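Before any comments, here is the structure.
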Amino acid sequence: MKTSAIAPHIVDTLLPVLQATTDHVIMPRFKRGPVPEKYNPIDVTSCLSLLHLTALGCMSQSEDIVRFWRLMRLDLILLILSQNQPTEDFTMVVKLLNTSIFRDSFGSIAPDDSEKGVGYLIDRLSYPLGAIPYQANKNERLEPHVVLKLRLEILQLMTSMMRSPFASLAIARHPAAIGRLVSRMSDELDVLYDWRAGHESRYFVYLPSFELH
């Protein structure tokens, strides 16, 4: 009820605990191994939801949200932006990243290799635009409606990134991001021209307009 009044005061102790807790699950998942039985009760999605709520509570003051993203680990974000993690966790991290868009940074704020880290983030984020991801640790593709929602979340994030000189330039410089966007636009136009009964089952997504600064 009073997130903005509480979150800034607990962020320094809450974030290390939440990230260390999720490590017990996301690490084995990423390596396609079993999660130790004693860690099965850990609900990663709930942990990420709490991180998101905390970030939202820190956004009223720039110094608070910057402190939040200084405490967030890049490796944790990248581990979750993987096909080896459940789609709901991937989507939750995409929503979380919406709070990390600043004029001169995007994602985790680290003193070194910030541009390289952003490049890794954009690569993981844009991948589902150019390909249909697999279900976590399975040989089956995601269902069309799941891909649709995921792509919309990613496109909404990228649209917000265009308001940041740093983030928009990072997208423009990435070797694959623009190509994936253009390919997605082309495929969606093909779907529109191929309009027919049953089109709802296609991997169709509405593409907002983009403006690179």
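The values are calculated or read from the model by the stated rules, or taken from the named source; none is laboratory data. As the structure is a computational prediction, the values presented were derived from the model and not from experiment. A quick note on method: Cβ atoms are made from the backbone with ideal geometry, for glycine too, and the neighbour counts reach across all protein chains shown.
Of note:
- Index of the failed condition, Tyr127 passing every other in (1) surrounded by 15 or more Cβ atoms within 10 Å (Cβ to Cβ); (2) modelled with pLDDT under 90; (3) under 20 Å from Val93 (Cβ atoms): (2)
- Taken over the stretch 159-172, the criterion of being in a helix (DSSP H, G or I) and surrounded by fewer than 21 Cβ atoms within 10 Å (Cβ to Cβ) is satisfied by Thr159, Ser160, Pro165, Phe166, Ser168, Leu169, Ala172.
- Candidates in the stretch 10-66 are the residues that are buried (at least 19 other Cβ atoms within 10 Å of the Cβ) and of a type in the set (Gly, Ala, Ser); of these, the one that is nearest to Leu97 (Cα to Cα) is Ala55.
- For beta carbons closer than 8 Å, sequence separation of 6+ or different chains, a first residue in the stretch 109-121 that is more than 18 Å from Ile80 (Cα to Cα) and part of a loop (DSSP other than H, G, I, E, B) and a second that is aliphatic (A, V, I, L, M) and at pLDDT 75 or above, the qualifying pairs are Ala110/Leu74.
For every residue, the table says whether it meets (1) under 25 Å from Leu169 (Cβ atoms); (2) in contact with a Phe, Trp or Tyr (Cβ under 6 Å, 6 or more places away or on another chain); (3) not small (Gly, Ala, Ser).
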position	(1), (2), (3)
Asp12	no, no, yes
Ala20	no, no, no
Ile26	no, no, yes
Pro36	no, no, yes
Asn40	no, no, yes
Asp43	no, no, yes
Asp64	no, no, yes
Val93	yes, no, yes
Gly107	yes, no, no
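- Residues of the stretch 83-107 satisfying the condition of being buried (at least 22 other Cβ atoms within 10 Å of the Cβ) and under 17 Å from Phe166 (Cβ atoms): Leu97, Ser100, Phe106, Gly107
- Cβ separations smaller than 8 Å between residues 6+ apart or across chains give the following pairs from the stretch 172-200 residues that are within 13 Å of Arg151 (Cβ to Cβ) and at pLDDT 85 or above to residues that are among the charged types (D, E, K, R) and surrounded by 12 or more Cβ atoms within 10 Å (Cβ to Cβ): Arg184/Arg151.
- Near pairs, Cβ below 8 angstrom, 6+ apart or cross-chain, from the stretch 57-69 (within 13 Å of Ser105 (Cβ to Cβ)) to any residue that is in a loop (DSSP other than H, G, I, E, B): Ile65/Met59; Val66/Ile109; Trp69/Gly107; Trp69/Ser108; Trp69/Ile109
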